[in-house]
Structure formats: structure tokens, C-alpha cells
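Q: The structure is given below, and queries will be raised subsequently.
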Amino acid sequence: MSHKKMLQCSMGALLLLLPWFGGLVLGKISKDFSQCLDFFYKETPPAGIPAEGYQPICQRYQNQYRFASLYHREHRSPLYSAYILSHPDGKRPKSTWMFEPQLAYPTNSSDEMQDPIDTPVDQNLKESQAMDEDYKNSNFTRGHLNPSMHQKIEQDRDATFTLTNIVPQQKGSNSGPWEKLEQEVLKQFKKYCNGIMYVITGVMPYGPDNPDQHLMKHRVSVPEYMWSAYCCTSFKSKLDTPDRNAFPTYAAVGRNDHNSTNEFVNGTISKKGYDVKRMSLGELEDILRQRLNGTITLFNGQCNQ
């Protein structure tokens, strides 16, 4: 074989391997969100997010798609989860934390999230995603992006207990102002929203300086901020004064680090620094543009019919 031919073969092999080094797994889970577009307004996922390193996951449980997540395999953390909000018909379940074998084994015949009791955990799985043991004896709680109490039926609530739907969240945020925001959104949905409410909840990583300082157990990326936005497709015409600016869209950013600057959220002593700032959808998208380096659009047409 000639030197030129050998070089062409080597370059071809390298190009095939590049997606793995970038953390992007083109496997059984999904190359895109085509199997679960129903969880996005007008079946359109957020636009403008840099694609490198991210893996779309159509979250499947008991043979049905329940919500969608954009996952970063190398960071072992989701960037966001997208879901349709419903009023729960029961209590928060006590579920086992499941994982996605397809992140480690793209040719896996099943695309279901799996219980670790039924599937052995090996090194490939640990390298591809966060494990429950990462959260044990850490300073962080398991922070849902799609919270179980935003889902109506038991199976949908159970499905939120996958490790690809949670991030390391400070307890002061998770059980404090951020939980209050989740409850507030649910109340607004029940009180005013007549149609479908699409929700996207995600995180903002720290800036590029010293990224290794913001890893849980040297493995899992810790977010500096949490964010969430919703789109209500139809709502009551008569709104109470405090809620007039909350429809059809609403957004918020919350601190996950009480030592962060006031760049996006003003901190107060009374809330121990884990404040949540309510804002317009446009304000949130501008903040995401600054941190994610892209022109971000969360809802197609800004949720205008």
C-alpha cells in the first residue's frame, strides 16, 4: 500500500473516532430528538446551543417516552431536560436511581433506562455517566431538572429518577428557593393555564477558568446556576396583577453557589445566597447567550401562537 493510501486510511479512522473524544455518542439512544419531539413547543428543541459533546436522550421508561434530556457524556451531567408539566395524582415516589446503558454501549438493543439491580455496573458505564455513588457522602443533593412532582401519573414520576436527569445541587438551593419556584410554577399552571405547559429546566456551568475545581468527586460537573422557563399555549384572559407578566412565558435563574458574584442573581443573607430571580424569557435567553456562547432560543417563535 502506498504512503498516500495509508495516510488516507489513517485519517478516515481518526474521523470515525473523533465523536468519541468529543463526548458525543452517536448510538442507540438518539442522534437527535426525533423520537420525542412532543415534549418541545411546536416540536422544536432549543436552538443555538453548541452541539459539541452533547447527546440527545429521549427518556424511555416502561416502553414509553416520558421526557427529553440533552446530556454531556464527558461532563457526566445534563444541560437541560424538557417535559410537559402536569398536576401530580399522587405522592413523590421512593424510586431507585436508574441509568442509561446506551451511553456506554451504543449498540445496546434496548433504549430503556435501567435499574442497577438488573444491570451490572462496569467501568464503561461509570465513564459514560454519573453514578449514584458519586452523590453519596458528597456535599450535594440529587437535583432533578424534570421534578417528579411536575408529573401526573406514577410511571412518569418514576421515570424522573434517572441519573441523566439530575445534577449536583446544593441543599440550600434544592430544598429552599428552587423548590419554592417549582411549587410556584405548578400553582400558576393550575390557576391560569388552559392548554399545554412546556417546561425546559437546565443548568449553567461555571466559566472556563479552573473547570476541575467544579467537579464532584473529580468526575461530575457542578453547575453554578440553575435555570427554568415555561411556555403555556393557552391561558385565562383575566390574570391577577402579580401574574400578568408570567404568561405565556416565564423564566428564572437560581444560584447553586452562594459565593457566586451578582452577575445574574442578586444574593441576600436571608436566603443564604441561593436566591432565585424571576425574569422574562428574553432575559434568560440573553444570560444563556453570555454563558453558553450562542444565540439561544428556547421556544420556537417565543411561544407566540
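Q: Do you know which residues across the stretch 66-76 are over 13 Å from Thr160 (Cβ atoms) and either open to solvent by less than 10 Å² (accessible area, probe 1.4 Å) or basic (Lys, Arg) (or both)?
A: Tyr71, Arg73, Arg76 - these are the residues of the stretch 66-76 that are over 13 Å from Thr160 (Cβ atoms) and either open to solvent by less than 10 Å² (accessible area, probe 1.4 Å) or basic (Lys, Arg) (or both).
Q: OK, next. Among the residues that make up the stretch 225-245, is at least one of them surrounded by 22 or more Cβ atoms within 10 Å (Cβ to Cβ) and touching a His at 6+ places or on another chain (Cβ under 6 Å)?
A: Checking the stretch 225-245: not a single residue is surrounded by 22 or more Cβ atoms within 10 Å (Cβ to Cβ) and touching a His at 6+ places or on another chain (Cβ under 6 Å).
Q: With respect to the numbered conditions (1) open to solvent by 20 Å² or more (accessible area, probe 1.4 Å); (2) in a loop (DSSP other than H, G, I, E, B), which one is the sole condition not fulfilled by Glu184?
A: (2)
Q: Quick check: is even one residue across the stretch 78-87 at pLDDT 85 or above, open to solvent by 10 Å² or more (accessible area, probe 1.4 Å), within 14 Å of Asn165 (Cβ to Cβ) and not β-branched (Val, Ile, Thr)?
A: No, the stretch 78-87 has no match at all.
Q: From Gly27, Gly23, grab the single residue that is surrounded by 14 or more Cβ atoms within 10 Å (Cβ to Cβ), modelled with pLDDT under 70, among the small types (Gly, Ala, Ser) and touching an Asp or Glu at 6+ places or on another chain (Cβ under 6 Å).
A: Working: Gly27 fails: touching an Asp or Glu at 6+ places or on another chain (Cβ under 6 Å).
After applying the criteria, what remains is Gly23.
Q: Same structure again: Go through the stretch 187-226 and give me each residue that's touching a residue at least 60 places away in the same chain (Cβ under 8 Å), in a loop (DSSP other than H, G, I, E, B) and under 19 Å from the mean Cα position of the chain (by Cα).
A: Listed by number, the residues that qualify are Gly207, Arg219, Val222.
Q: So, one more: Which residues, taken from the stretch 58-99, are of a type in the set (A, V, I, L, M, F, W, C) and within 18 Å of Asp132 (Cβ to Cβ)?
A: At the first step, the residues of the stretch 58-99 found to be of a type in the set (A, V, I, L, M, F, W, C) are 58, 67-68, 70, 79, 82, 84-85, 97-99.
Answer for the stretch 58-99, where residues must be of a type in the set (A, V, I, L, M, F, W, C) and within 18 Å of Asp132 (Cβ to Cβ): Trp97, Met98, Phe99.
Q: When residues of the stretch 33-72 are filtered for being hydroxyl-bearing (Ser, Thr, Tyr), closer than 17 Å to Asp158 by Cβ and over 15 Å from the mean Cα position of the chain (by Cα), how many remain?
A: 2
Q: Quick one: is Asn174 open to solvent by 30 Å² or more (accessible area, probe 1.4 Å), modelled with pLDDT of 95 or more and under 20 Å from the mean Cα position of the chain (by Cα)?
A: Numbers: open to solvent by 30 Å² or more (accessible area, probe 1.4 Å): yes; modelled with pLDDT of 95 or more: yes; under 20 Å from the mean Cα position of the chain (by Cα): yes.
Yes; evaluated as a whole, the condition is true for this residue.
The values are calculated or read from the model by the stated rules, or taken from the named source; none is laboratory data. Computed from a predicted structure; not experimentally measured. When we count neighbours, we look across all protein chains shown, and the Cβ atoms used for this are built from the backbone with ideal geometry, even at glycine. What goes into the accessible areas is simple: the full protein's heavy atoms, side chains included, and nothing from ligands, DNA or RNA. Shrake-Rupley method; radii C 1.70, N 1.55, O 1.52, S 1.80 Å.
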